[in-house]
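The values are calculated or read from the model by the stated rules, or taken from the named source; none is laboratory data. Bear in mind the structure is a predicted one, so any value in this text is a computation, not a measurement. Counting neighbours? That spans all protein chains shown, and the Cβs are built from the backbone with ideal geometry, glycine included.
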Amino acid sequence: MAEFKKTYDFLGGEVLLFDKDLNWTSFDLVNRVRNTLCRKMGIKKMKVGHAGTLDPLATGLLILCTGKSTKKIESFQGKEKEYIATLKLGATTPSFDMETEEDSNNDTSHITLGKIKEAVKLFQGEIEQVPPIFSAVKIKGKRAFDYARNGEEVKLRSRKIVIRNIEIEAFDLPFVKIKVECSKGTYIRALARDIGEQLKCGAYLTELRRTRIGDFKVEDAFKVDYFLENLNLFETI
């Protein structure tokens, strides 16, 4: 875990690494950090933003920038990401993760480790990926998930992404755990869908953890409660 510095200049600009908890939105974390820092410093407002949204059902590395360092957010968003993802084979959900209930179940008796290795190879390099309908992609001014939650059907265009590497970490039917190194704009939920379709059994994401953004690693991040409960350990200017 990260160590506290002796002094922080939040208005001048700081880059903070946090390990986001399950069921928190990225905005929940930003708001809690901003509100607590403002109270500690006796000010009414301060710029705080995050680089690269994590879904509520995902955990792991989230970069927060304060003050003048919010200008760095765009550069951080463009850096390569690393994720550890667990997929359930033989079933699907409308959201491609556990936000929605399973809507199909299929046979997995034909699935072997060898077939999974062959399948994931097809998704390495520069590929076209269609984002999930349950996503923040904008269509005619509305977020895609707004259409999805209203039961409206819309088509999303594919996007070019780069998946530099996929490694199989563990395999125990119906679950497979993979490590993915990928570019900005990659949806791991969509990758789970595509791997399931390639294996002809379906798949969805059951667990996702972001472990790296560029050279920033989750093991160097703070848990938000620990950071905020120990604000007395450092000075602010």
Hits in the stretch 184-237 - residues which are aromatic (Phe, Trp, Tyr) and closer than 23 Å to Leu87 by Cβ: Tyr187, Tyr204
What about Lys160, is it surrounded by fewer than 14 Cβ atoms within 10 Å (Cβ to Cβ), touching a residue at least 24 places away in the same chain (Cβ under 8 Å) and in the same structural domain as Lys115 (by TED's automatic domain parsing)? yes
Of the residues Thr53, Thr86, only one is in the same structural domain as Pro132 (by TED's automatic domain parsing) and within 24 Å of Asp220 (Cα to Cα); which? Thr86
Failed item, numbered, when Met1 is tested on (1) under 17 Å from Phe222 (Cα atoms); (2) buried (at least 16 other Cβ atoms within 10 Å of the Cβ); (3) aliphatic (A, V, I, L, M); (4) in contact with a helix residue (DSSP H, G or I) (Cβ under 9 Å, 6 or more places away or on another chain): (2)
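Residue-by-condition table, conditions (1) touching a residue at least 24 places away in the same chain (Cβ under 8 Å); (2) within 18 Å of Tyr8 (Cα to Cα); (3) of a type in the set (Lys, Arg); (4) in contact with a Lys or Arg (Cβ under 7 Å, 6 or more places away or on another chain):
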| position | (1), (2), (3), (4) |
| --- | --- |
| Gly49 | yes, yes, no, no |
| Pro56 | yes, no, no, no |
| Leu62 | yes, no, no, yes |
| Cys65 | yes, yes, no, yes |
| Thr93 | yes, no, no, no |
| Glu99 | yes, no, no, no |
With Arg39, Arg32 as the choices, which residue is without any contact (Cβ under 8 Å) to a residue 60 or more places away in the chain and charged (D, E, K, R)? Arg39
May I ask you to list the residues in the stretch 75-97 that are at pLDDT below 95, within 17 Å of Ala58 (Cβ to Cβ) and surrounded by fewer than 21 Cβ atoms within 10 Å (Cβ to Cβ)? Gln77
Which of (1) under 17 Å from the mean Cα position of the chain (by Cα); (2) farther than 22 Å from Gly214 by Cβ; (3) at pLDDT 95 or above does Pro56 not meet, given it meets every other one? (3)
Regarding the stretch 179-191, can at least one residue be identified that is under 21 Å from Asp107 (Cα atoms) and not basic (Lys, Arg)? yes
Scanning the stretch 217-237 for residues that are buried (at least 17 other Cβ atoms within 10 Å of the Cβ) and of a type outside the set (Val, Ile, Thr), which turns out farthest from the chain's Cα centre (by Cα)? Phe227
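Say whether the condition of being at pLDDT below 95 and part of a strand (DSSP E or B) is met by at least one residue in the stretch 120-130. Outline the logic, then answer.
Step one: filter the stretch 120-130 for residues at pLDDT below 95, giving 130.
Checking which are part of a strand (DSSP E or B) leaves us with none.
The answer is no, given that none of the residues of the stretch 120-130 is at pLDDT below 95 and part of a strand (DSSP E or B).
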